[in-house]
Amino acid sequence: MLDDLRELYQEVILDHGKSPRNFRDVEDATAHAHGANPLCGDQLVVYLKLDDGKRIEDVSFVGKGCAISVASASMMTELVKGRTVDEAKAMFERFHEMCTGEDNGDDSTLLEDDLEKLNVLSGVRAFPVRVKCATLPWHTLNAAIDGKDEATTEA
Amino acid sequence: MSDTAQAMPTANDTAYDVLSYRSDFPILSEQIYDKPLIFLDNAASAQKPQQVIDAVRYVYEHEYANVHRGVHYMSEKATEAYEGARVKVQRFINAAHDHEVIFTRNATEAVNMVAGTYGRRFLEPGDEIIISVMEHHANIVPWQMLRDEKGLVLKAVPVTDDGEFLLEDFKKLLTPRTKLVAITHTSNVLGTITPVAEIARLAHDAGAKVLFDGSQAAVHSVVDVQAIDCDFYVFTGHKLYGPSGVGVLYGKEELLNAMPPYLGGGEMISTVTLAESTWAELPNKFEAGTPMIAQAIGLGAAIDYVSAIGMDRIAAHEQDVLGYATQKLTSIPGLKIFGTAPSKAAVISFSMENIHPHDIATIIDRAGVACRAGHHCAQPLMDRMGVPAMTRASFGLYNTRADADALVEALEFTQEFLG
């Protein structure tokens, strides 16, 4: 029991959950999206500032959620800042695979350091009902990149 | 002398043999993560005693056919059992007639039925419906849909910080335009028991009809629809230790007769020509198509089961566990209980400082404790209480003080674990 729980609630997750990074809005955001998990009522807004070359100059989030979703959002902002939107999308795709156990093991698109961070969050795969907590911020980021206002875990 | 006399058990006051009742529920012997299951999610759905499981199995093995149709033996047996279940429900809620009991899919469908028939036929633009802020979505959304369709006004009675129904505010919301009052009998989140008889009297004085959502009340207390004098009463079978897929709409005979049917089809007609149809008598008018035969019979078995124990004794036992659990939980630092009305059922919703309900539910689950976390289909109430979600422990007839101890221990572990 404890092994699974410790795998999910690793120190780094607890740290991000308690002290989320980039937990603010971006005043000159070029895009933002609202994410909601209708099952639990968790909500967040992801703000995005893209430069002319479609690179993520700044990214942040505000909202309420469990330790997993807040940590995931916080780590996500750290991971995608400075990357192009295509890189961010590739990262999301890979992360989604890791969380849902459809991992194809293809790490060619990711830096080792990124992979390690995503791995920390993927302990959620042992808790199927919690996968959406971890992926909601990423769905929301994706929506913001695509110019959509809303994202839900039910999509 | 008097002390001794009081201690002597009477016929109606024999010890509540919770261990014996527990042994009636096979699932309670399951181990999860190598730990005994501590099931505290009864307000979402309760477990089933062997008697109910056997009753459903018996139908399919010995007396199954479609009801109200065949002249053959099996159809007669099935019809007898199905209609027998209706009479059991009638007695359980003390309805005046068995045909005032309509079997539905669940409580949600029962509310929708009233909105879609009574509401559509008898409410006019500008008419008002009153609900409360502590309603389950099932008693909010159908009225919002009806409001939007008919141009009605929907008002909500507030609650105090303790979760008490504000009767004085309710009185102020009543106007000559109030046509329907739809209120929960017992909150699925706060456990608050509302003053239903008083609400019904005030609603009737204002010329309005009244519906009570008894999904929780029918499980935790004795319900008497005639004493309450409500026009409609709804509840669901699966929370009452019966099968899922069956619920009940009680309606006063004259109202059900005046209402148009909900669904059209077989079983609900008297005659059908290609030009037109006439409706069957109650209750068939509202039971179009083949009904939930085995589930209704299973609900009858569940009612037999709780009635044999006694709803009053179940309520007393649950109150004991509720009081004990409340006291224990209160001793946990940073834990806040939502819903502390003097009159409340065995439901405890709470929050813990700096720990999200979903994290609580995940961690205590690994200790074998099943609780619900989330908005409990009552988002307006979450807004009222200023939280996005809560953790809820809800107790049933088989829960014990030891279950409350296990919950408290698991919560203390959660605090330690997330430190």
When A:Asp42 is evaluated against the numbered criteria (1) in contact (Cβ under 8 Å) with a residue 60 or more places away in the chain; (2) surrounded by fewer than 20 Cβ atoms within 10 Å (Cβ to Cβ), which criterion, by number, is the only one it fails?
(2)
Examine region B:119-141 for a residue that is without any contact (Cβ under 8 Å) to a residue 40 or more places away in the chain and within 20 Å of B:Glu287 (Cα to Cα), and state whether such a residue exists.
no
So B:Ala389 clears everything in (1) over 16 Å from B:Ala410 (Cβ atoms); (2) surrounded by fewer than 21 Cβ atoms within 10 Å (Cβ to Cβ) except one condition, right? Which one?
(2)
Could you figure out which of (1) touching an Asp or Glu at 6+ places or on another chain (Cβ under 7 Å); (2) within 14 Å of chain A (Cβ to nearest Cβ) isn't true of B:Ile102?
(2)
Report those helices (runs of 4 or more DSSP H) wholly inside region A:1-96 carrying at least 3 residues which are among the acidic types (Asp, Glu), more than 11 Å from A:Trp138 (Cα to Cα) and within 14 Å of another protein chain (Cβ to nearest Cβ).
A:2-8
Residues in region A:24-36: is at least one under 26 Å from A:Glu112 (Cβ atoms) and modelled with pLDDT of 95 or more?
no
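Within region B:172-191, how many residues turn out to be surrounded by fewer than 24 Cβ atoms within 10 Å (Cβ to Cβ) and not in a loop (DSSP other than H, G, I, E, B)? Explain how you work it out, then say what you get.
Quick first cut of region B:172-191, residues surrounded by fewer than 24 Cβ atoms within 10 Å (Cβ to Cβ) only: B:172-179.
Now restrict to residues that are not in a loop (DSSP other than H, G, I, E, B): B:172-173, B:178-179.
Number satisfying all stated conditions: 4.
For region B:192-246, how many residues meet the condition of being in a loop (DSSP other than H, G, I, E, B), closer than 30 Å to B:Ile53 by Cβ and among the charged types (D, E, K, R)? Even if it seems obvious, please write down each step before you answer.
Step one: of region B:192-246, the residues in a loop (DSSP other than H, G, I, E, B) are B:194-195, B:206-208, B:214-216, B:221-224, B:229-231, B:237, B:241-246.
Next cut, closer than 30 Å to B:Ile53 by Cβ only: B:214-216, B:221-224, B:237, B:241-246.
Remaining after also requiring among the charged types (D, E, K, R): B:224.
Looking only at that region, the number is 1.
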Might you let me know whether region B:275-286 holds any residue that is touching a residue at least 24 places away in the same chain (Cβ under 8 Å), buried (at least 23 other Cβ atoms within 10 Å of the Cβ) and in contact with a Ser or Thr (Cβ under 6 Å, 6 or more places away or on another chain)?
no
Hey, does region A:90-110 have a residue that's buried (at least 22 other Cβ atoms within 10 Å of the Cβ), modelled with pLDDT under 85 and either more than 12 Å from the chain's Cα centre (by Cα) or over 24 Å from A:Gly41 (Cα atoms) (or both)?
no
Of the conditions (1) buried (at least 21 other Cβ atoms within 10 Å of the Cβ); (2) closer than 25 Å to A:Asp3 by Cα, the single one that B:Ala346 does not satisfy is (2)
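Can you confirm whether B:Arg105 is under 18 Å from B:Met292 (Cα atoms), surrounded by fewer than 20 Cβ atoms within 10 Å (Cβ to Cβ) and either touching a strand residue (DSSP E or B) at 6+ places or on another chain (Cβ under 7 Å) or outside the structural domain of B:Asn188 (by TED's automatic domain parsing) (or both)?
Yes; evaluated as a whole, the condition is true for this residue.
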Within region B:141-162, does at least one residue satisfy the condition of being small (Gly, Ala, Ser) and either touching a His at 6+ places or on another chain (Cβ under 6 Å) or surrounded by 22 or more Cβ atoms within 10 Å (Cβ to Cβ) (or both)?
no
Taking B:Ala294 and the conditions (1) out of contact with any His (no Cβ under 6 Å at 6 or more places or on another chain); (2) buried (at least 17 other Cβ atoms within 10 Å of the Cβ); (3) not in a helix (DSSP H, G or I), which numbered condition does it fall short on, given that it satisfies the others?
(3)
B:Glu80: surrounded by fewer than 20 Cβ atoms within 10 Å (Cβ to Cβ), of a type in the set (Asp, Glu), at negative phi and out of contact with any strand residue (DSSP E or B) (no Cβ under 9 Å at 6 or more places or on another chain), yes or no?
yes
Give just the number: which of (1) surrounded by fewer than 16 Cβ atoms within 10 Å (Cβ to Cβ); (2) among the charged types (D, E, K, R); (3) over 21 Å from A:Lys132 (Cα atoms) does A:Asp15 not satisfy?
(3)
Give B:Leu322, B:Leu274, B:Leu329 a once-over and let me know the one that is out of contact with any Pro (no Cβ under 9 Å at 6 or more places or on another chain) and at pLDDT below 95.
B:Leu274
Exactly one condition in (1) among the hydrophobic types (A, V, I, L, M, F, W, C); (2) assigned to a loop (DSSP other than H, G, I, E, B); (3) free of Cβ contacts under 8 Å to residues at least 24 places away in the same chain is false for B:Ala95; which is it?
(3)
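The values are calculated or read from the model by the stated rules, or taken from the named source; none is laboratory data. It should be emphasised that the depicted structure is a prediction, and the values quoted were computed from it without experimental measurement. Every residue, glycine among them, receives a Cβ derived from its backbone with ideal geometry; neighbour counts consider all protein chains shown.
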